[in-house]
1. Would you kindly calculate the mean projected area, averaged across all directions, of the convex hull enclosing the Cα atoms of the range A:55-146, in square nanometres?
2. Calculate, for B:D173 and B:R220, the FRET efficiency according to 1/(1 + (r/R0)^6) with r their C-beta to C-beta distance and R0 30 Å; round to the nearest 0.05.
3. Which one of B:V100, A:H217, B:V67 is farthest out on the positive end of the charge dipole of the protein assembly as shown, using unit charges on Cβ (Lys, Arg +1; Asp, Glu -1) and the Cα centre as origin?
4. Which whole number gives the average, over all residues in A:25-36, of C-beta atoms from other chains lying within 10 Å of the residue C-beta?
5. Describe numerically, in nm with one decimal, the distance between label points set 7 Å from Cα along Cα→Cβ at B:E259 and at B:R35.
6. Between copies, how close do the A:H12 label points come, placed 7 Å along Cα→Cβ, listed in nm from shortest?
7. For a quick check: with amide H placed at 1.01 Å from N, whose amide H comes under 5 Å from A:V222's, ignoring anything fewer than 5 positions away on the same chain?
8. List, shortest first and in nm to one decimal, how far the label point of B:G316 (7 Å from Cα along Cα→Cβ) is from its counterparts in the other copies.
2 protein chains.
Amino acid sequence: MLRTRLDLDRIHAARQLVDPVFLDSPLYRCDALGRRLGCAVSVKLETANPVRSFKGRGTELVTSLLVERGGTAAVCASAGNLGQALAWSGRRRGLDVTVVASRGAPAVKLDRIRALGAELELVDGDIETARERAADIARLRGVRLVEDSLDVETCEGAATIGLELVDGAPAFDTVLIALGGGALATGVGYVLKTLAPAVEVVCVQPAGAPAMTRSWHERRVVTTDSTDTVADGVAGRFPIPEVLDDLLAVADDAVLVRESSIVTGVRLLLEHTGLVVEPSAALGVAAVLEDPDRFAGGHVVTVVCGGNVDLDAYRGWVYG
Amino acid sequence: MLRTRLDLDRIHAARQLVDPVFLDSPLYRCDALGRRLGCAVSVKLETANPVRSFKGRGTELVTSLLVERGGTAAVCASAGNLGQALAWSGRRRGLDVTVVASRGAPAVKLDRIRALGAELELVDGDIETARERAADIARLRGVRLVEDSLDVETCEGAATIGLELVDGAPAFDTVLIALGGGALATGVGYVLKTLAPAVEVVCVQPAGAPAMTRSWHERRVVTTDSTDTVADGVAGRFPIPEVLDDLLAVADDAVLVRESSIVTGVRLLLEHTGLVVEPSAALGVAAVLEDPDRFAGGHVVTVVCGGNVDLDAYRGWVYG
C-alpha cells in the first residue's frame, strides 16, 4: 500500500467535480513521432481545452470545494498556467481570483489571466518571489491561498489523468511526466503505481531547473539559487517537502534534460504530430532523445501538459 | 421527417464500430478567438487523433463493414486525408489498401499514406482524375471502391460528430462546416437538423473551389473546369448528385470565402487557440471574418476537420 497524501477514492470522486471539458483528453499513438524516436509513442493531450494546460483539472477541484465551504476568493502564485486555470474556474463560480506572477512570465499567459477577469499582480523575481507575495496577500485579505503541488487538490486533480491512462491505454511501458512543483508527477504517478504498478514512472526536468530532481535523488530537499531554462512552467527552486515525500513514493526515476533537447522536442512535436506545445510539454520527448537506448522498442506515453506559447519565441524554436 | 440517404439508427450504431480514438473529440469554447471574431466560438477538434483528421470516423465504419462481409482490399481516391485514414483503418484490419492521389497533393500527406503501409498511386491531374483512376483499379482488381461522400458510410461516420455536438455543447446558434465532397456537411448537418433543428447549418467552401456551393444555390449539379485554392482538402470540381440532394435537405446556407480569409483563419487559429490546422479546417473562421455582422453576439461551433499541413507552406501562412 502506497503511502502518499493522495487518496484513490478522492481522485475518483474528483471526476464528478471537474468540468467535463478537462476530462477524457485525447490519448493516441503517434506513429511518425515514434519512428523518429525509435519507440512507440503515445501522447496524452492536455492542451485541447479552454486554458490549454492540465491545470484546469486541479483548479476545478480546488474551486468546487472552496465554494462548497462558502469561500468567495482565492489567490495563487503562478508561472502562468495555474493562474489562467484558477481564473477560469473562479470566473464560472463567481470567485474573486488574484494571481501573482513574475514580470518575466510569457506575456501571452499574463494576457489570458487578465482576460479571464482575474486580478493580476506582477512581481520582480521568479516564481518563488511570487509564492511569497501570494502568501502575504492571502494573509492580509484572509482569502484562500492555492499552493500548487502543496494543496493536495492540485495533485488529485492532475491524478485524474492517471485514471484515464490506466483505463484508456493499450499496454505501455513508461509514462514520461514533466516535473516542476510535482503536482502532475505525484498525481499521475500515484494512480499508476496504485493501479498499474508495472508501468515505469519517469519524471523529467530541465537541467537548468533541477531542484526537485536533485532532491529526489538525494532523498532530501535540495534548493538552487537560480534557474535557467526555456521551460518556464517548471522553473521552481524550492521543492516542497511534502511533495518530495510523495514523489519519492511514486517515481521510478527522475532525469534532467538539456535545453537543446527540449527545443528539439518542441520542434518534433510540431513536425510529427502537428501539436503546438510549450517547452515543459516537450520534456518527455527530450528524455527519449537523450537516452534512446533506454526506451528503444518500448511504448512510452508522454503527457503533453501545456500549449501556451509566445508565438515569437515559438517561431525561433521551430523554424530556427 | 428529413429525407436523406442517412439514418439516425445507423449513425448511433456506427459509434460501436469506430475505434474510440476517433470518438468524443474535444469540444470547447475559445475565449480569445471569440473576442477576435466578435462572437462566442467553440471548436470541435478533429485533429487530435492518429490521422489528424475526421476521416477516420468514416474509414473505420467502411472497413468494419467490409471485413464483416469478407472483403480483403479497398481502394480510394484521396486529396490526402481520406487515404491516410483508410490506410490506418485498413492496416489494423489486415486489408490491402490502395490510395490514388494527385501528384500535387501535400508531400506530408502522401508520406504518411505510404508509412501506414498502403500502396500509393500518383496521377497527374487533380482529385477528379484520381477518382477516375481509383474506379478503374477497383474494376480491374475487383476490390471495394471507397467513394468519399457517395458511400453513405463516409457520411455516417462523419455524422457521429453531429451526435457529439448535440450531446456535448451548451446551446449554440450555428455550426460552420467545411464543404468539399459533402460527407462532413451532410453527415453533421443531418444529425443537427434531426435532433437540434434550431441550430443553423452553414457550409463553407473556398471561392476558388465553388462547385458544390454553386450547386446548392442553383439546386442542380454545377461543375467547374478547375480549382484554385490553398484548401487542398476540399478542392473538388464534380459534385455527386446524391450528395447534393442530401445537402439540399440539411444545409441552411452555403457560403464562399476568399483565399486571404482562409489564410487569416489558419493564422488566427494558431494565435488564439494554439491549433495547427490545414486550410480546409479554417473555412469556418474565414466565414465569420467575411461576415462578422451575421454572427455577432451569437455562438458558433466550427469543426476543425484536419491538421495535416506541409510545414514550409504553413510557415508562410502564419508568419508571412
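1. On the way: hull surface 19.9 nm².
Seen from a random direction, the Cα hull of the range A:55-146 projects 5.0 nm² on average.
2. Numbers: r = 30 Å, r/R0 = 0.99.
After rounding, the FRET efficiency stands at 0.50.
3. Among B:V100, A:H217, B:V67, the one farthest towards the positive end of the dipole of the protein assembly as shown is B:V67.
4. On the way: counts 2, 10, 4, 9, 3, 3, 7, 7, 0, 0, 1, 0.
Mean inter-chain Cβ contacts per residue within 10 Å come to 4.
5. Here the modelled spin labels are 3.3 nm apart.
6. 2.9
7. Hits under the 5 Å cutoff: A:S215.
8. 2.7
Quick note: the coordinates plus some simple rules give every number you see, no bench work behind them. Being a predicted model, the structure only gives us computed values, none of them experimental. All Cβ positions, glycine included, derive from the backbone under ideal geometry; neighbour counts span all protein chains shown.
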